[in-house]
Structure formats: C-alpha cells, structure tokens
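Report on the structure given below.
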Amino acid sequence: VQLQASGGGLVQAGGSLRLSCLASGSIFAIDDMDWYRQTPGKERELVASITRRGSTNYADSVKGRFTISRDNAYKKVYLQMNSLKPEDTAVYYCRLVRFGDAYWGQGTQVTVSS
C-alpha cells in the first residue's frame, strides 16, 4: 500500500484548501481512512476520519470547518479545509487502516498566514 498526499500550500487566514490522498496497492473500499497533522515538537494529532461505510469523525478544533470525504472508485480520500486559521499550520498526513494495520503517506505542508 502506498499513500500519496497532495494539495497543501500557503494560504491566508480565512482561506480554503483541499487535500487529496491517493491509495495505490489497496482495495480501498474496505479500508478506513484518516487525516492527521503534526507541528514541530508536538505529537501527531487526528484531524478527521472516515470509515469504509462513510461514517465520519472530527477533532473538535476543526468541526464545522473541515470535511472529510472519499471516492472509492478513484481510491482517494479528501480533506476540504475552509475558514483556515494560523493554528491549522502543520504537515498533514493521510493514514489507511485495514484490519488493524496502519499505513502512512508522506505528508503535505499546509501553512496559514495571519
């Protein structure tokens, strides 16, 4: 399984970005998918998750601003990020979980300027 995240960049506060993660070598439709983020000196934190059945869960800090979705046909998971804040600045990672085994992508940098 290989995960490739993309879509990060520099955006002003209040702006939007859409992250994508392509899962190759995966059946995907049976996998749960997550987005995590990490800043220097801090632990990686869960941002949003979506199960293989489409149930979603969000960190309190992003509820109402971020939306996770998936396209099983294209083996992609997305993170739509709106109303971005400087504190959202981080490296964002996608993670695939299959029957307890986790696979990580390489991360994409999101920088939100004030």
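Structure above, values below:
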{"quantity": "Value of D in µm² per second that Stokes-Einstein yields for the chain, Kirkwood Rh from Cα pairs, at 20 °C (1.002 mPa s)", "calculated": "154 µm²/s"}
{"quantity": "Cβ-based net charge around GLY100, under 13 Å, with every Lys or Arg adding one and every Asp or Glu removing one", "calculated": "-1"}
{"quantity": "Summed side-chain charge close to CYS21 - residues other than CYS21 whose Cβ falls under 10 Å, Lys, Arg +1, Asp, Glu -1", "calculated": "+3"}
{"quantity": "Relative contact order (%) - segment 3-48, alpha-carbon pairs under 8 angstrom, separation at least six", "calculated": "27 percent"}
{"quantity": "Listed residue (GLY105, TYR92, ILE68) projecting farthest to the positive dipole end of the chain, Cβ model", "calculated": "ILE68"}
{"quantity": "Charge tally in the Cβ shell below 14 Å around LEU3, where Lys, Arg are +1 and Asp, Glu are -1, LEU3 excluded", "calculated": "+1"}
{"quantity": "Given 11 as the ceiling on other Cβ atoms within 10 Å, longest exposed-site-free region of the chain for trypsin sites (Lys or Arg not before Pro) in DSSP loops", "calculated": "64-114"}
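Values in this text are rule-based calculations from the coordinates and carry no lab data. Just so it is clear, the model here is predicted, and its values are computed rather than measured. Cβ sites come from the backbone with ideal geometry, for glycine too, and all protein chains shown count toward neighbours.
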